1. DSSP loop (so not H, G, I, E, B), at most 11 other Cβ within 10 Å: list which trypsin sites (Lys or Arg not before Pro) in region 422-503 pass both filters.
2. Can you give the Rg to Rh ratio of region 421-531, both from alpha-carbon atoms, with Rh computed by the Kirkwood formula?
3. Please state the Cα pair-distance histogram of region 317-368 with 10 angstrom bins from zero: what percent is in each bin?
4. Over the alpha carbons of region 14-191, what is the largest minus smallest coordinate on each principal axis, giving the biggest first in Å?
5. Please figure out what share of the DSSP beta bridges in the chain is antiparallel and state it in percent, rounded to the nearest 5.
6. Restricting the calculation to Cα positions, tell me the Rg (one decimal) and the Dmax (whole number) of region 131-176 in Å.
7. Could you tell me how many degrees, from 0 to 90 and to the nearest 10, lie between the Cα long axis of helix 178-191 and the main elongation axis, the longest principal axis, of the Cα atoms of the chain?
8. Once you list every other residue whose beta carbon is under 11 Å from the beta carbon of residue 71, what net charge do they have if Lys and Arg are +1 and Asp and Glu are -1?
Amino acid sequence: MKKNTLLLLLFPVLLHAQTANTAYERDYKRAIGLFKMGDYVLAINDLGVLTGRKYNNSITPYAHYYYALASQRIGRFAEAKQMLQQLRERFPDWTKMEDVNYLMADLAFQEKQFGEGLDYLLNLTNPQIKRDADALKKYRFLAIKDLAYLKNLYQQYPNDRILGIALIDLIQQSATNKADLELSDQLTNRFGVTPISKPASTTITPIASGGAFQKGYYNVSVLLPFKLDDFEEGQRARANQFAYDMYEGMKLAKTKLQQEGILVNLFAYDLANQPNDMTDLTNNSNFAQSDFVVGPLYIEPAKIAADFAEANKVYLLQPTAVTAELITNRTHTFLLQPTLERQTSQLFDFAQSLQPTAKKIAIYYGASRRDSTTAVWYRTKATAAGMQVLDFRKTREKLDSTASIGDYNKPAHVALFSSNDNDGLKVVNMLNKRRINTPLMATATAFDLARVSGTAFSGRPIYLINNEYIDISKPQVRDFQAQYMTKRNTVPSVYAMQGYDIVLFFGRMIHKHKTQLRAGLDTSNYSSDDYLLSGFNYQKSNDNQVVPILKIEDLRLVQVR
């Protein structure tokens, strides 16, 4: 009996622990998703919460590590170093500690603390990490041009072969002193190698355009994470399937353009999240012949690609970015998507058009940084328009008891920004209980319509932003689906349609306007009739101004703007 009583007492504790671990894992996966897409600032904000000392599970060390890695990627070296030191103190027996030492070394190298960096790499045992460490040392040591400093560093670490070879190389480049040349000979004999060559330049120099756009065809380079090393023919459910889908759509657009007399060559490059790979590509003579570039997806390689495009007067389209970072002060880089700020502004303007005299609103937002940032923009837009924000809070709060709106404090409309598809119904239920039947403006990601019953919305007007909306009633969509099914024996995804639209639209525009593309985009009469998704509009902007706003009608989406 006592044993049973003890089990009953322990059960709520175990259940709470299990629930907490599940929530932690969910938040961690969301943060890592942001990291993988190159949204390092947002990832840092989410991971920072998960590194608190109250957490001590098997994932917590990873949260520390990726926080540091994200910080390093955006140049916040001190912050990265502090987090890694905390990781070493709290989890000294973590199985990935050699990865930590490698990252600590790279941070030290970037801060010109080469001796400290070498100390972190002294006792590596993992063969792959050792190879990576050697490559890192080659890259960092070849950048040192102070011969006296490099000689002193070698005296402290005389057994480091990579350091010795870098010293040989610098002596051969710059020294005329007899003693230095003799030292070079001694080191060459000791290590039994010839000096290593300089790394490829990381600067981007303009290429000679010659007859760019006059050769009768256009080269389109596609920089996507195809992950060819992981490719298995016939495997449909790949994590990077979207890249293959997008490329298949591009190939169909190439055929369509050829029928219109526009010749396009497609060149695919397997490019993930390594900035060095993008730098190497900018020095590739074949890539240098690009007229139009799609990608890469991740922010750091994308910056390098955008600089290349600007220097060489090549046009570049980034398919996933929704911030203005890549297009600020760049004339040749475009975003397929409207920026978050543009989406927010147009949603507010649409809400105002429904109720021009409205003066009160309520705003709710999800747990991600993107959700809260968008909500703040919406609030700023509303207050600038003279509106009163009655309620502004996170959806993870108990809205039924905490929301401050009701019959006597009723908003003209409610705005919801969330990446959690449970939040839409949560807010709708709260509004129903409070008998507030005003319009709801939301992101499409706040709802999972496949799991919603027909009576869930009770006739409430609900409007959604959805940049990936597919109107299956359009004849061109049905034609494309038939073509794709014939070619690939599967239903095309939204990514296949995006690839098709990208190549078809920009192929036509570049063919028509060539080097005057910017002027052509500013004066064009845009129509979505020929395109599968919602079309394009780049008048006076480098992000797409088309923001599809949909209305839920009988659990169907109908585009109203």
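What follows is calculated from the coordinates using simple rules that are stated; it is not laboratory data. Computed from a predicted structure; not experimentally measured. FYI the Cβ positions are ideal-geometry reconstructions off the backbone, even for glycines, and counts take in every protein chain you see.
1. 435
2. Using Cα coordinates only, the ratio equals 1.12.
3. Bins of 10 Å from zero give 20, 37, 26, 16, 0 percent of pairs.
4. Dimensions of region 14-191 along the principal axes of its Cα atoms: 74, 28, 22 Å.
5. 20 percent
6. That works out to 10.0, 33 Å for Rg and Dmax.
7. 70 degrees
8. +2
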